[in-house]
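Note sheet for the following structure.
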Amino acid sequence: MKPQYLVLAIACFATFAAPVPAGAQEQRTPVSQCQAIAQNIPKATFASFSGAATLTPAVSEGGDVKLTFRGHSTFEIETPGGIVIATDYNGWYRPATMPDVVTMNKAHTSHFTLAPDPEIKHVLHGWSDVPGEKAEIKLVIGDAYIRNVATDIRFSYGLGGSQENGNSIFIFEIAGLCIGHLGHLHYELTDAHYTEIGRLDAVMVPVDGGLTMGADSMSRVIKRLRSSLILPMHRRGPPVEAFVSMFGKDFDVANAPDDSITVSMRTLPKKPLIYVLKGVQ
């Protein structure tokens, strides 16, 4: 090979072999560890699933996650790395410290605010500004990966009809745990929804019995999700017992002495547990 061609070949090889800049690495699409369960769902396929074993999860495993009920459907989630997240944030129920991230849904004004504190770094809307389109959220912040699954909602205040993809289920992948917040869920989930959600180790579920779904419909969703830890929220009207009564001996039930629980992969209940935090009873 002539010297000038050899130099050109080496230069080309160096270009392709050079490491990817840090900025480009950070922009890679996060890999969900919670969607691996989709292989067990009938008719569910993932185009890239065959290569999942070689991919790096969005966040690492290990550590405890603290979940605190702040009111209505707002939970404070604190990660092992100190990231604070508030769900269905409306500005009325606030975490003890300024949250790094807040999620919102728009079924009612008690689930969002259009004037959040400007110091909140990430404000995640569970709806798109374009009617009918899905909100698409894939955010890695510290040791948390936050994504959403869009759902339809009924129009509020007796207007009738529904809005396609008007709300979202938010999923938080933290310390190896898959934690879901069902938001203001109005309709039973489809196979496609369950595929998108994947595994949920812990789930926050509305138990109002009507403003979202009836207790029987919501119980069917929870039974199919097969979560280890079920945290009721959004109780309006009927007591929590109306929801709990839909479950048989395959589920344990306990009332918490306070408004928070700390959980990890090591301490997840072996048997599904409906854990009613103080303030929800």
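The values are calculated or read from the model by the stated rules, or taken from the named source; none is laboratory data. The structure presented is a predicted model; accordingly, all values stated were derived computationally and were not measured. Using ideal geometry, Cβ is built from the backbone for each residue, glycine included, and neighbour counts are taken over all protein chains shown. Each accessible area value is taken on the protein alone, full model and side chains, heavy atoms only, with ligands, DNA and RNA left out. Shrake-Rupley method; radii C 1.70, N 1.55, O 1.52, S 1.80 Å.
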Within the bounds of the stretch 191-206, is there any residue that is modelled with pLDDT under 85 and small (G, A, S)?
no
Restricting the stretch 101-159 to residues that are of a type in the set (A, V, I, L, M, F, W, C) and open to solvent by 60 Å² or more (accessible area, probe 1.4 Å), which is modelled with the lowest pLDDT?
L159
List every residue pair whose Cβ atoms lie under 6 Å apart, where the two residues are 6 or more positions apart in sequence or sit on different chains, the first residue falls within the stretch 238-249 and is free of Cβ contacts under 8 Å to residues at least 60 places away in the same chain and of a type in the set (A, V, I, L, M), and the second residue, located anywhere, is open to solvent by 30 Å² or more (accessible area, probe 1.4 Å) and assigned to a loop (DSSP other than H, G, I, E, B).
A242/G209
Looking at the stretch 231-250, can you tell me whether even one residue there is loosely packed, with under 14 Cβ neighbours inside 10 Å, in contact with a strand residue (DSSP E or B) (Cβ under 6 Å, 6 or more places away or on another chain) and modelled with pLDDT of 95 or more?
no
Considering the stretch 224-246 alone, what residues qualify as being of a type in the set (A, V, I, L, M, F, W, C) and closer than 21 Å to C178 by Cβ?
L225, L229, I230, L231, M233
Consider the stretch 66-121. How many of its residues are of a type in the set (K, R), over 25 Å from N255 (Cα atoms) and touching a residue at least 40 places away in the same chain (Cβ under 8 Å)?
1
For the stretch 84-121, enumerate the residues that are under 21 Å from E136 (Cβ atoms), part of a loop (DSSP other than H, G, I, E, B) and not charged (D, E, K, R).
T87, Y89, N105, A107, F112, L114, P116, I120
